[in-house]
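Heads up, the thing below is written out as structure tokens.
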Amino acid sequence: DYEDFSSIEDLDDDELRQLVRDRLAEHPELDLDDIAVTVEGGTVRLEGRVGTEAELRMADHVLTDVVGVVDYD
């Protein structure tokens, strides 16, 4: 349960992965079928394809500004 995710440090890797996927899914311009989200040791990794530079910026925005992830690749 990550209802209050103001402290993502308290989430385990699976919870953080699901939180990132849920927040990415809120943006219909991103196709989650083309983006794989993995988390290992608290570091988020996105792999896959986006259609435009704007979609890449949106994914970056979701990670850093919405979720608050610092370590990602």
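The values are calculated or read from the model by the stated rules, or taken from the named source; none is laboratory data. Source: prediction; values computed, not measured. Please note: Cβ atoms are built from the backbone with ideal geometry, for glycine as well, and neighbour counts cover all protein chains shown. Ligands, DNA and RNA are excluded from the accessible area calculation, which covers all protein heavy atoms including side chains. Shrake-Rupley method; radii C 1.70, N 1.55, O 1.52, S 1.80 Å.
For the reader, a short list of remarks on this structure follows.
- Ligands, DNA and RNA left out, the accessible area of the chain computed with a 1.4 Å probe is 42% carbon and sulfur.
- Here the chain is treated with +1 on each Lys and Arg Cβ and -1 on each Asp and Glu Cβ, and its dipole about the Cα centre works out to around 300 debye.
- The orientation-averaged shadow of the Cα convex hull for the chain, equal to a quarter of the hull surface, comes to 4.4 nm².
- Using the 1.4 Å probe convention, the accessible area of the chain works out to 66 Å² per residue with neighbouring protein chains retained.
- Whole-Hz Karplus values for the range 60-66 come out as 4, 4, 4, 5, 7, 8, 7 Hz, taken residue by residue from phi with 6.51 cos²θ - 1.76 cosθ + 1.60 and θ = phi - 60°; glycine and proline positions read x.
- The value of relative contact order for the chain, using C-alpha pairs under 8 Å at least six residues apart, is 31 percent.
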